[in-house]
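Have a look at the structure below before the remarks.
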Amino acid sequence: MAANMMELARSLAGQLSAWRRDLHRWPELGFCEMLTSCRIARTLTDLGFDQVLVGRDVCFGPGRMGLPSEEVLEEAYAQAAKRGADPVFLAEMEGGFTGVVGILRCGEGPTVALRFDIDALPIQESRDPERLPVREGFVSEHPGVMHACGHDGHTAVGLGVAQVLAACREQLHGTVKLLFQPAEEGVRGAKSMVENGHLDGVDYVLGAHVGACQPGEGPFVGVGSGGTLATAKFDAVFTGKSSHAGMAPQEGRYAMLAAATAVLNLFAIPRHGDAPTRINVGKLTAGTGRNIVCDRAVLELEVRGSTSEANAYMAAYARQILEAAAAMHGCEVEIACVGAAERAENTPALRSLVLETLAQAGVPAREIDDGPEVSEDFSYFAKAVTDHGGQSCYFMNLAQAGAIHHPSFDFDEAALVQGVQAFCAVTARLLEAPQGASCGTAD
């Protein structure tokens, strides 16, 4: 079965590239991925998936973090309709209910969930004529928005996995859930899918990210510890009272001063004794003029920790400082958590099985050092599965690539076939069925 799947994946190289390039041309930000979600849902439906869930069946509304404004969501809906989004699915996504879950039932057996993130970034793409997207005519058509983190490739890989597994379903023994997740950037979307129950009863969950290998190296799959930092992202809005700074400064309530007091003290939070922690205030917006007491200030900040407990300590301390700074200067503050992730690590047994399975299937793979830890929305899926005794593994799909979150980011499309092969080989191993059946064609 694995050999058949590997060949089917190779046969999809042209289709994978076409999918990826089309997605790259029409990038959409988190919870605005309406055109993208419609295309995914239509493809899974046409492939014969037993269930294709969209809209409120995917994301639990109150669990979505950092939701765009109603105006932004309405514009995204209008643009998706204008660009030909399937009206059957699009109607379910109004208000930012994006993402898709595809379920393939293949008899009795374990349940395997595979996660693919689908959102883009607020970056203006480079028009350097030497770049492949420019030369081949698939540069972003959405001003100020770009797939600069490879999620166009992740989505294309997910569609390829869907096609191969659907063709080989008679050889599988269990259930496959494909989770096309919105709003990974800013770690905002996974929690809402977990809260809708999509990880309940899942025995194994797999995720991956494209990344850069060393110059001259061929594509390969890298598997490390999968360790990620827990994090929480906050917006804090300070509200004071405006007055004339020369005539009646005593009548004002200085929101900017409250915010500045908060900034200085946030960076003074005592670090946790049991685990490394981080704090950063990335943005402060305040004031209207030099002679006006500022009545509104907005802070954008984040905390992180190498354990969920250390991160919770930082988050609680940060909230305390924000509230105290506001009170000190007679202001009020509203604090909103606009993104969060848990601490996660690969389950050792599944990590070993991934490496062993890929070696047997002929997919280049090796252990890697993780390097500096980052935060990842996948952690919610991992925690949801491991908390009830399941297993999780997050691996790197490595190829020649540029720096992520950069206007010139691009990657070698050989990673697309490699990604499909990796997900399919491990899924087949986890859902091994009796011998005798064979895969169909992938077209």
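Below is a table of values for the structure above.
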| read-out | value |
| --- | --- |
| Every residue from the range 285-322 that is aliphatic (A, V, I, L, M) and crowded, with 18+ Cβ neighbours inside 10 Å | Ala286, Val293, Ala297, Leu299, Leu301, Val303, Ala310, Met314, Ala315, Ala318, Ile321, Leu322 |
| Test result for Ser408, touching a residue at least 24 places away in the same chain (Cβ under 8 Å) and either touching a helix residue (DSSP H, G or I) at 6+ places or on another chain (Cβ under 6 Å) or buried (at least 23 other Cβ atoms within 10 Å of the Cβ) (or both) | no |
| Filtered residue count, the range 382-395, keeping only those that are out of contact with any Phe, Trp or Tyr (no Cβ under 9 Å at 6 or more places or on another chain) and under 21 Å from Gly211 (Cβ atoms) | 1 |
| Residue, surrounded by the most Cβ atoms within 10 Å (Cβ to Cβ), within the range 124-171, restricted to residues that are charged (D, E, K, R) and farther than 30 Å from Leu104 by Cβ | Glu125 |
| Residue, nearest to the chain's Cα centre (by Cα), within the range 140-187, restricted to residues that are farther than 15 Å from Asp117 by Cα and of a type in the set (S, T, N, Q) | Ser140 |
| Matching residues in the range 295-315 - criterion: being within 15 Å of Gly339 (Cα to Cα), at pLDDT 95 or above and part of a helix (DSSP H, G or I) | Asn311, Ala312, Met314, Ala315 |
| First in the range 284-304 and at positive phi, second anywhere and open to solvent by 30 Å² or more (accessible area, probe 1.4 Å) and outside any loop (DSSP other than H, G, I, E, B), Cβ under 9 Å, 6 or more apart | Gly287/Met256; Gly287/Arg296 |
| Selection from the range 45-79 of residues that are within 17 Å of Phe180 (Cβ to Cβ), outside any loop (DSSP other than H, G, I, E, B) and open to solvent by 40 Å² or more (accessible area, probe 1.4 Å) | Thr45, Asp46, Gln51, Arg56, Asp57 |
| Matching residues, the range 211-226, being within 26 Å of Ser306 (Cα to Cα) and open to solvent by 10 Å² or more (accessible area, probe 1.4 Å) | Gly211, Ala212, Cys213, Ser225, Gly226 |
| Pair list, Cβ under 6 Å, 6 or more apart: the range 254-279 residue over 19 Å from Ser306 (Cβ atoms), other residue of a type in the set (Phe, Trp, Tyr) | Ala255/Phe238; Ala258/Phe238; Ala259/Phe238 |
| Pairs, first at pLDDT 95 or above and part of a strand (DSSP E or B) in the range 327-342, second open to solvent by 50 Å² or more (accessible area, probe 1.4 Å) and polar (S, T, N, Q), C-beta under 7 Å, six or more apart | Glu332/Thr239 |
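The values are calculated or read from the model by the stated rules, or taken from the named source; none is laboratory data. All values reported here derive from a predicted model rather than from experimental measurement. Backbone-built Cβ (ideal geometry, glycine too); neighbour counts: all protein chains shown. For the accessible areas, the whole protein counts, side chains as well, though only heavy atoms, and no ligand, DNA or RNA atoms are used. Shrake-Rupley method; radii C 1.70, N 1.55, O 1.52, S 1.80 Å.
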